[in-house]
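Have a look at the structure below, then the notes.
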Amino acid sequence: MQHDKAIVESLDSEPESFSWRWRDVDARSMVAVLVLVYVLVLIRTAWVSDDAYITFRTIDNFVNGYGLRWNVAERVQSFTHPLWMFVMTFAYLITGDLYFTSIFLSIAISVAAVLILVYGLAWSDISAILALIVLILSKAYTDYSTSGLENPLTHLLLVVFILVYLRFEKSHRSLLLLSLVAALGTLNRMDTLLLYLPALIFAAIRLRTWRTFGMIALGFVPFFLWEVFSFLYYGFLVPNTAYAKLAAGVPQLELVHQGLIYLLNSISLDPLTLFVIAGTAVIAVFRRESRQFPLLAGSALYLAYIVFIGGDFMSGRYLTPGLLIAAVSLSQLEISRTLIGSLGAVAIVLAVGMSSPYCPIFSNAEYGRDDIPSADFRENNGITDERGYYYQDAGLLRWKRGVAMPSHLRIRQGEAWKTDDSGKVVVGWALGYLGFATGPHIHIIDGLALSDPLLARLPATKNRQWRIGHADRMLPKGYKETLETGQNRIVDSGLAAYYDKLSLVTRGKLLSWTRLKTAARLNLGHYDHLLPVTLSPQQRISRQDVTMLVSQGSPWDADGTTHIHPTGAQVDLGEIVAVHWLEIALDHNDDYRLVFVRGTIPIDSLVVPAAHIRGGGMALHLIDVPAKAAETGFDAIRIYPRSGDSFYSVGHLRFVGNEATPDSVTTNSH
């Protein structure tokens, strides 16, 4: 520790009332003991997530000669962490195992990061002890120090970056090293660039020469090389998951609201993590720790980004880099040199950390059992304690001799699919364990679009049950048949044309000039006009089915009503209609979007809000047809439930004149 000698010397001048001081305690031994405790906690909490196996399927295909692909028939980047993927691939080549390899490799990397923190960065043994206690008691940090995801490597690269930054000597060589570590961190997960950016800019500004730009560019060569490879191989610069998750069509304010809920969820399950992140920032500002400001700015920028994108479905996962920066900041503080003062800081951290309902030091093999009364691992506003959810089937302490891990039922389902004929096309969701167990010879259409290039670019199904990172897609008519036969049978003509371009990129000759040119045009959005704003629903309703008049207040499932699937339904009119008003009966307590269609082309749309009539039942709505649809005419109306009670239905649909609005119906205008 950097200043232990100075501390001991200064203690001699402390008042006699503080006769028991840190020099009377073997602080260095306490640091070593806490490092050992950290290792034991990681072993007790070690697990491998379902999402990790999405990457593991690609790794297994790669090692077995099928390329960096999830489905062997197409080049799609279904992983978000290239560097972690390559590290795991190298380890898999040696061990031939992914479950135990990911756990023990993650533990080794996590311990390396902690050792750098306590022995390379901490101001003293005392501050190292405080930082260690924070990391040990943080549920988020311990949960994702294993899990099979990239977090451990993110932590190691981040702490190395901070080490270089804090020892930066205003030289171009140091800036080059700083840029290289930041580039590797970005290669490990692209959005973590926000963590490094403020400190990197600050370090460059200090040099005040044009050479700094060259040093930064040179340091980022590994990341640039990956981007070149990504474009040449996959045809795109960002993972397919970015299209699937960030282009799901959820309004931005709704995403921000969900992002704030993500933070509240963390406070509920793991109060220490955000407490330390916020508290450390306040302390640094109060004490004017100016060199830490860029690091804390990176943490704040990343936190803002997390809120902006709606957080995550995995409780606490995205908060671990910010906590590590906070722990480093704590380790840099000149904590009160008396035992009483130091214990005060430790006591606060212990009190907050131990208040967590799932404090990591108490975790054992029973974690995640459904029959424990206090267990609450399921979804809360779409956010799940993922370790609790999967630990009983994927936790290290659950392993028994002769039992293959993970032992989840999706593994067994995948093995059952594996026995089917090669080349079969199936549809599934939550495809980590299941996809890996299925093997390379079954083509799986991912209903969440994470590994499917076409579905990722289509609008997500909109209903009140949407979950961040889990945007359901509806299969276009003819898409499954297209994959089964190899011939384009997609019914929507515009979408069929788009798929021809996309499949050329994902399946065509790798270095064909036509393919590369098409890939560039796809990246620039030249073919986006071919994508539908909304998809034609699988459920089709004929005009005859909506002719029986339904009175206001009739039960939602009365004669004359038709149940609507949550993914929507299309009413085929059988002719082109050009009218200004229509009357439609819909279940009263649900919101719906009506899309007016001519052929396969959506003309315009409007939202019909819930009427909430007294007594419930069906509500009659008089709709002012959007001007564009009224002028050009339409031959179908698509009805998409947006929110409500999941019991959706439509009664009659009829066109009315432009006379005054009848008293018996609710008027809705666009």
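The values are calculated or read from the model by the stated rules, or taken from the named source; none is laboratory data. Computed from a predicted structure; not experimentally measured. Reconstructed Cβ throughout: ideal geometry from the backbone, glycine too, with neighbour counts over all protein chains shown.
Condition (residue is farther than 22 Å from residue 624 by Cβ, in contact (Cβ under 8 Å) with a residue 24 or more places away in the chain and of a type in the set (Asp, Glu)) applied to the stretch 576-597: is it met by at least one residue?
Checking the stretch 576-597: not a single residue is farther than 22 Å from residue 624 by Cβ, in contact (Cβ under 8 Å) with a residue 24 or more places away in the chain and of a type in the set (Asp, Glu).
Quick check on the stretch 79-89. Is at least one of its residues among the β-branched types (Val, Ile, Thr), closer than 28 Å to residue 363 by Cβ and outside any loop (DSSP other than H, G, I, E, B)?
Yes, some residue in the stretch 79-89 is among the β-branched types (Val, Ile, Thr), closer than 28 Å to residue 363 by Cβ and outside any loop (DSSP other than H, G, I, E, B).
Residue under question is residue 528, and the condition is that it be acidic (Asp, Glu), within 29 Å of residue 605 (Cβ to Cβ) and surrounded by fewer than 13 Cβ atoms within 10 Å (Cβ to Cβ); does it hold?
yes
If a residue must be in contact (Cβ under 8 Å) with a residue 40 or more places away in the chain and among the hydroxyl-bearing types (Ser, Thr, Tyr), how many such residues does the stretch 208-228 contain?
Result for the stretch 208-228: 1.
In the stretch 431-463, which residues are in a loop (DSSP other than H, G, I, E, B), touching a strand residue (DSSP E or B) at 6+ places or on another chain (Cβ under 8 Å) and aliphatic (A, V, I, L, M)?
Residues satisfying the conditions are 442, 448.
Looking for whichever is part of a helix (DSSP H, G or I) and either outside the structural domain of residue 617 (by TED's automatic domain parsing) or of a type in the set (Lys, Arg) (or both) here; the options are 505, 491. Which one fits?
Exactly one residue qualifies, and that residue is 505.
Restricting to the stretch 541-589, what's the tally of residues that are of a type in the set (Asp, Glu), modelled with pLDDT of 90 or more and within 43 Å of the chain's Cα centre (by Cα)?
Matching residues across the stretch 541-589 total 4.
Evaluate the stretch 332-345: report whether one residue or more is at pLDDT 90 or above and in a helix (DSSP H, G or I).
No, there is no match, as no residue in the stretch 332-345 is at pLDDT 90 or above and in a helix (DSSP H, G or I).
Criterion first (in contact (Cβ under 8 Å) with a residue 40 or more places away in the chain and out of contact with any helix residue (DSSP H, G or I) (no Cβ under 6 Å at 6 or more places or on another chain)) does residue 87 satisfy it?
Here the answer is yes, as residue 87 does meet what is asked.
Evaluate the following for residue 514: is it touching a Leu at 6+ places or on another chain (Cβ under 6 Å) and at pLDDT 85 or above?
Considered against the rule, which asks whether it is touching a Leu at 6+ places or on another chain (Cβ under 6 Å) and at pLDDT 85 or above, residue 514 comes out as no.
Give just the number: which of (1) closer than 26 Å to residue 73 by Cα; (2) in contact (Cβ under 8 Å) with a residue 60 or more places away in the chain; (3) among the β-branched types (Val, Ile, Thr) does residue 192 not satisfy?
Just one mismatch for residue 192, condition (1).
Please work out which one of (1) under 17 Å from residue 317 (Cα atoms); (2) part of a loop (DSSP other than H, G, I, E, B) is the condition residue 168 fails and give its number.
Failing condition for residue 168: (1).
Looking at (1) over 17 Å from residue 226 (Cα atoms); (2) under 18 Å from the mean Cα position of the chain (by Cα), which is the one condition that is false for residue 82?
Only one criterion in (1) over 17 Å from residue 226 (Cα atoms); (2) under 18 Å from the mean Cα position of the chain (by Cα) is unmet by residue 82, namely (1).
Residues in the stretch 26-77 that are outside any helix (DSSP H, G or I) and out of contact with any Pro (no Cβ under 6 Å at 6 or more places or on another chain): how many?
Summing the residues that are outside any helix (DSSP H, G or I) and out of contact with any Pro (no Cβ under 6 Å at 6 or more places or on another chain) in the stretch 26-77 gives 17.
Limited to the stretch 622-648, what total is found for residues that are surrounded by 21 or more Cβ atoms within 10 Å (Cβ to Cβ), more than 32 Å from the chain's Cα centre (by Cα) and under 20 Å from residue 553 (Cα atoms)?
Number of matching residues: 1.
Any residue at all in the stretch 108-117 that is more than 25 Å from residue 397 (Cβ to Cβ), touching a helix residue (DSSP H, G or I) at 6+ places or on another chain (Cβ under 9 Å) and in the same structural domain as residue 184 (by TED's automatic domain parsing)?
Yes, some residue in the stretch 108-117 is more than 25 Å from residue 397 (Cβ to Cβ), touching a helix residue (DSSP H, G or I) at 6+ places or on another chain (Cβ under 9 Å) and in the same structural domain as residue 184 (by TED's automatic domain parsing).
What residue, of 205, 201, is in contact (Cβ under 8 Å) with a residue 60 or more places away in the chain and surrounded by fewer than 19 Cβ atoms within 10 Å (Cβ to Cβ)?
Sole residue among the options that is in contact (Cβ under 8 Å) with a residue 60 or more places away in the chain and surrounded by fewer than 19 Cβ atoms within 10 Å (Cβ to Cβ): 201.
State all residues of the stretch 222-279 that are of a type in the set (Val, Ile, Thr), crowded, with 16+ Cβ neighbours inside 10 Å and farther than 30 Å from residue 459 by Cα; if no residue qualifies, say none.
Of everything in the stretch 222-279, those that are of a type in the set (Val, Ile, Thr), crowded, with 16+ Cβ neighbours inside 10 Å and farther than 30 Å from residue 459 by Cα turn out to be 273, 276, 277.
Return the pair list, or none, for Cβ contacts closer than 6 Å from residues in the stretch 126-137 that are in the same structural domain as residue 275 (by TED's automatic domain parsing) to residues that are surrounded by 24 or more Cβ atoms within 10 Å (Cβ to Cβ) and polar (S, T, N, Q), at least 6 apart or on different chains.
Short answer, once both residue conditions are applied: 127/331; 128/331; 131/331.
Looking only at the stretch 208-221, which residues are crowded, with 17+ Cβ neighbours inside 10 Å and of a type outside the set (Phe, Trp, Tyr)?
212, 215, 216, 219
In this structure, does residue 485 turn out to be surrounded by fewer than 16 Cβ atoms within 10 Å (Cβ to Cβ), without any contact (Cβ under 8 Å) to a residue 12 or more places away in the chain and touching a Leu at 6+ places or on another chain (Cβ under 9 Å)?
No: the conditions fail for residue 485.
Residue 456 - would you say it is modelled with pLDDT under 85 and in contact with a Ser or Thr (Cβ under 9 Å, 6 or more places away or on another chain)?
no
Please name all residue pairs, on different chains or six or more residues apart, with Cβ atoms under 8 Å, provided the first residue is in the stretch 424-452 and is under 18 Å from residue 55 (Cβ atoms) and without any contact (Cβ under 8 Å) to a residue 24 or more places away in the chain and the second residue is surrounded by fewer than 24 Cβ atoms within 10 Å (Cβ to Cβ) and β-branched (Val, Ile, Thr).
428/444; 428/445
Please report, ordered by residue number, the helices (runs of 4 or more DSSP H) entirely within the stretch 225-327 with at least 1 residues that are within 22 Å of the chain's Cα centre (by Cα) and aromatic (Phe, Trp, Tyr).
Per the criteria, 240-246, 252-269, 293-308.
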